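The values are calculated or read from the model by the stated rules, or taken from the named source; none is laboratory data. Bear in mind that the values here come from a model prediction, so they are computed numbers and not experimental data. FYI the Cβ positions are ideal-geometry reconstructions off the backbone, even for glycines, and counts take in every protein chain you see. For accessibility, only protein heavy atoms count, side chains too; no ligands or nucleic acids. Shrake-Rupley method; radii C 1.70, N 1.55, O 1.52, S 1.80 Å.
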Amino acid sequence: MKNRILFIIFISFSPILLGQVYEIGLSLGGTNYVGDIGRTNYIYPNKPAGALFFKYNWNPRIALRGTYSYLPIEGNDKNADTDFKQNRGLSFKNTIHELAVGMEYNFYEFDMSSEDKTWTPYILLELAAFNYKTPESEPQPRQYIYSNKTSYAIPFGVGFKSKLYGTLAFSVETKIRYTFEDDLDYSTSRIPSLDFEGTGNDWYMFTGFSLIYTFGRPACYTQGL
């Protein structure tokens, strides 16, 4: 009886397990940040950045996805649109290393093995953990000791993807991350010289182009949304 149940389970799930298409890809683009220093434009990529990702197409509407991103960010008050910031003259640079997992939801069915389901806009919902530098102390005036810090963000985004040729596809995507931190720009109440006026928790964004390679057996989805 036990072997019969296992056989039935295997037969039931084998079309799903064998029928998926996997994707790996490389994204290149730019980042920007919104916080206490510099501009407050949410889509204004100004630092080169990149990412590697793997996707599992659960069905023609949903893809599960994991991503590693290398995201330098910077801000400079001289580029701000307020006199207060321009007169203050602060600037910073930091680098974010991010791991994210989440889901793509396609507005239209997407199937690289078909003739007419080869493009779609999509939305992206993820959870992310990221690592960056934060100041710990100021042993001498304007000389700081930094440490690495890990925190979490809620990324969401929009994109468009399309078949390119054969097993290759491309996408254009913008992702916005809301963090639960206010020190990506080194602002901190622990150090008086870095305790400057704030605007709440920091944000960072990525906008870029991705080249995607698909592999695995052609999809034979048994059900969709």
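Take the conditions in a strand (DSSP E or B), over 16 Å from residue 179 (Cα atoms) and open to solvent by less than 60 Å² (accessible area, probe 1.4 Å) and apply them to residue 68. Does it pass? Give the derivation first.
Details: in a strand (DSSP E or B): yes; over 16 Å from residue 179 (Cα atoms): yes; open to solvent by less than 60 Å² (accessible area, probe 1.4 Å): no.
Answer is no for this residue.
Which count do you get for residues in segment 80-92 that are more than 24 Å from residue 48 (Cβ to Cβ) and either hydrophobic (A, V, I, L, M, F, W, C) or part of a strand (DSSP E or B) (or both)?
1
Could you give me the residue pairs with C-beta distances under 7 Å whose first residue belongs to segment 33-59 and is closer than 16 Å to residue 95 by Cβ, whose second residue is in a loop (DSSP other than H, G, I, E, B) wherever it lies, and which are 6+ apart or on separate chains?
Listed pairs, sorted by first residue: 33/184; 33/202; 35/184; 35/185; 35/199; 35/202; 37/90; 37/185.
Output the residues belonging to segment 171-202 that are of a type in the set (A, V, I, L, M, F, W, C), assigned to a loop (DSSP other than H, G, I, E, B), open to solvent by 10 Å² or more (accessible area, probe 1.4 Å) and in contact (Cβ under 8 Å) with a residue 40 or more places away in the chain.
Passing the criteria: only 196.
Among the residues of segment 93-134, what is the count of those that are over 30 Å from residue 166 (Cα atoms) and either modelled with pLDDT under 95 or assigned to a loop (DSSP other than H, G, I, E, B) (or both)?
Restricting attention to segment 93-134, the residues satisfying the condition of being over 30 Å from residue 166 (Cα atoms) are 93-98, 127-134.
Subsequent filtering for residues that are either modelled with pLDDT under 95 or assigned to a loop (DSSP other than H, G, I, E, B) (or both) retains none.
Counting residues in segment 93-134 that are over 30 Å from residue 166 (Cα atoms) and either modelled with pLDDT under 95 or assigned to a loop (DSSP other than H, G, I, E, B) (or both) gives 0.
Is it the case that segment 15-28 has a residue that's under 14 Å from the mean Cα position of the chain (by Cα), at pLDDT 95 or above and open to solvent by less than 70 Å² (accessible area, probe 1.4 Å)? Walk me through how you get there before you give the answer.
The first filter runs over segment 15-28 and keeps only residues under 14 Å from the mean Cα position of the chain (by Cα), leaving 25-28.
Narrowing further to those that are at pLDDT 95 or above: 25-28.
After this cut, where a residue has to be open to solvent by less than 70 Å² (accessible area, probe 1.4 Å) as well, the list is 25, 27.
Yes: one or more hits.
From 41, 46, which residue is at pLDDT below 95, under 17 Å from the mean Cα position of the chain (by Cα) and open to solvent by 10 Å² or more (accessible area, probe 1.4 Å)? I'd like the intermediate steps shown before the answer.
Numbers: 41 fails: under 17 Å from the mean Cα position of the chain (by Cα).
Exactly one of 41, 46 is at pLDDT below 95, under 17 Å from the mean Cα position of the chain (by Cα) and open to solvent by 10 Å² or more (accessible area, probe 1.4 Å), namely 46.
Checking residue 155 against (1) assigned to a strand (DSSP E or B); (2) surrounded by fewer than 17 Cβ atoms within 10 Å (Cβ to Cβ); (3) modelled with pLDDT under 95, which single condition isn't satisfied?
Every condition holds for residue 155 apart from (2).
Would you be able to say whether some residue in segment 101-111 is surrounded by 15 or more Cβ atoms within 10 Å (Cβ to Cβ), without any contact (Cβ under 8 Å) to a residue 60 or more places away in the chain and over 23 Å from residue 216 (Cβ atoms)?
Checked against the condition, which is being surrounded by 15 or more Cβ atoms within 10 Å (Cβ to Cβ), without any contact (Cβ under 8 Å) to a residue 60 or more places away in the chain and over 23 Å from residue 216 (Cβ atoms), segment 101-111 yields no hits at all.
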